[in-house]
Amino acid sequence: MVYHNNSLNDNNVFYEEEEAREWKQLRSQQRNDECATSPFRRMPDEVWLIPPNIDVKLVLGDRKINMSRIEESTNTHMSYNDTEGQIEMWGTRRDLDQALMQWNTIAMNIHDDQIKSRSARKVKGWARPEKALTEKQVKKLQRREAREKEGQDLKCFPKIDLPFSSHFYFPDHEIPISRIIGEKDEFLDPIRVQTKCYMWYEPQNHMVRVIGDNEDSVYEAISRVKNLYLKVFFARSIPIKRGWVYHMIEQPRMPYKVKITDPPSWLIPPYDIVGFFKVFEPVIEEQSATSTNTEIFESAFNANVHTENLKRIEEALLRTLQTVYLFDEEIKLRVRFGQICLTYFPKDMSLWSIDRLNNLVLKDTRLQSKFATCLATDFNQLKKLEEYFSSNQVWDGSCSHEFKIRALRRPVRFDEQRWACTFDVSFRNGKIGLWNAVADEKNVLEINMACLDYGSSWRLSLKTAKRLSIDKFGPQGLFSTKSLIYTNTEDVIDTSVCEKHKEKFLWKEHFIIEITRYEYWNCEGKFLNVSPGVEIPLQREPSENVSFGVTLYKKSWDDDFSANGNLNSGEVPEWYPDDMSNGVKQMLSDINEFLKILQDSNVIKPNILNYESLN
């Protein structure tokens, strides 16, 4: 027999109601205490409810970093109400709307990540049937399948005898074959389809064999296979760290001595320089300054440095152009003016004669340097230069607003590190214009020339980079705030941003002159750990690195190199290395003429020390 104790049940109900009343009274007292001690005693101007399906810790971030960051970027005050599960905010209506948008972005990113992880764990089951393809989609799919089938058929030995055949034997066995033809023959597939030739790799003979029914097609196919090998072979000759680096000195008009000394206080060093550095400074002896006999100078400096420099530059440029000739990458050749910053240099701080400096220091491969493009820290210092070029023909679309954004992307494989990429984005009238994304940037050639007569230096650099596909995505929106606002994501994290305001001018009909204002932000320290989705407005983070520089290049260089970025597998561009390297003598003459213009415009001034003042 079962007994029901009704009195016990009544007591339980009584106890629950009593506990509820006590809890309400205690919570009410706590709220009153909070209101009494809080500096903000009025009700919040806006409230954002945290979605119940999202973890509060993910929303707020580690140590509430997201809330602190949004407070700072929107000029609002915020407080997290643990009891109500909401973010309470105070501020103007406009700032509150910006804050709400950022909180919603964070919540959406977390929600999307949850859906992705849930989909990865989801077990396939019953689902709705796929929607039938349209007639246009069916034809597109059939064409794709036909191309793939044709490519697969051309990988095999032909079923019928064909009249023409050829082969290419790879002479270097140290190069992995996957670097030449791809992991799955992806570099050979375009050649097969475009030449309609049968093609396959024979591992036992270490060669590629080509068979076809057209002699010209077979010759083209085997030539493109040879180009694939030569491209990799020449690329292996480039020094890994910084490419080919040369340091030279232009033959001065006076018998200077050279002192390795501290840089001027106004000079902004290169962004990637670490620690202290030195620069070259000319020193002239008193008797040399007053002497007018040129034989003194010729006896003190009997080597023809200019002729030697010309020969070295021609050989270096020709070798570099021959190396990158087959690269299906972006190639950029530029001449910039500034200062050579020595980062690894001889300890001897005494005066160096020109010939000793040239033979013992500049030709020593241990010498290391960076190049500072800073010619001025105030645009007024470039006013005369701008006026000089403004009187001549102005380049079409001379004013541009650009950003160079360096970032780290999530690796494809789990065991790999994040890999670097660079975004170049230009804006015109507040709208996004041309933009580009590249990876694997390399300095192939650097020629650093010190010019004592002008108190400045110039650097000729040739860089390459692999262009990333941008067909499926692109930046959107308007540049309404006139300053960059970006957010990090799980896939892309920004490490630095360089804002460029450029004015372009045409000089001597074929040279383009760029006067550029650089503003640089290092995002690794301050913004690297900011959670994805939180907006980072750079206009509220003033940069300490603002400088002005000048760049010179030929439009024909860009026109010729533009073909390389669109090359198909194994193709060659239309320009020739010999044609570009033969104009070095005239190019050096043009550079010296431009240095004279910079000097006459008071952009550069030789800081010549007197030997007596050093003693």
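What the table below lists for this structure:
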| quantity | calculated |
| --- | --- |
| Efficiency of FRET between Asn359 and Lys585 - r from beta-carbon atoms, R0 25 angstrom, step 0.05 | 0.60 |
| About the Cα centre, charge dipole magnitude for the stretch 145-235 (Lys/Arg +1, Asp/Glu -1 at Cβ), debye | 100 debye |
| Label point 7 Å beyond Cα of Arg179 along Cβ direction - residues of the stretch 224-266 with amide nitrogen under 19 Å | 225-244 |
| Difference of contour (0.36 nm per residue) and Cα-Cα distance, Thr307 to Asn380 | 22.5 nm |
| Residue order, fewest to most surrounding Cβ atoms within 10 angstrom, among Ile354, Ile65 | Ile65, Ile354 |
| Separation of the Lys57 and Lys226 label points, Cα + 7 Å toward Cβ, nm | 6.4 nm |
| Rounded, prolate or oblate (a/c below 1.5 giving rounded, otherwise prolate when a/b exceeds b/c) for the stretch 145-235 by Cα gyration tensor | prolate |
| Stretch gain in nm, segment Asp213-Phe234, where the contour uses 0.36 nm per residue and the Cα spacing is subtracted | 4.3 nm |
| Difference of contour (0.36 nm per residue) and Cα-Cα distance, Asp262 to Ala439 | 60.2 nm |
| Lys/Arg +1, Asp/Glu -1 at C-beta; the stretch 145-235 dipole; positive extreme among Tyr219, Gly182, Ile160 | Gly182 |
| FRET efficiency for Thr134 and Arg94, using Cβ-Cβ distance with R0 set to 45 Å, rounded to 0.05 | 0.45 |
| Label-point gap, in nm, between Asp82 and Val572 - each point 7 angstrom along Cα→Cβ | 7.4 nm |
| Global size of the stretch 43-109 as Cα Rg and Dmax, reported in angstrom | 10.8, 29 |
| Cβ-Cβ FRET estimate between Met43 and Gln114, R0 fixed at 41 Å, reported to 0.05 | 0.80 |
| Reduced Cα scattering model of the stretch 101-207, Debye log10 I(q)/I(0), q = 0.10, 0.12, 0.16, 0.20 Å⁻¹ | -0.63, -0.76, -0.89, -1.07 |
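A short reminder: the numbers here are calculations on the coordinates, not readings from a lab. Please read all numbers here as calculations on a predicted model, not as lab measurements. Neighbour counts are summed over all protein chains in view; Cβ atoms, including those assigned to glycine, are modelled from backbone coordinates with ideal geometry.
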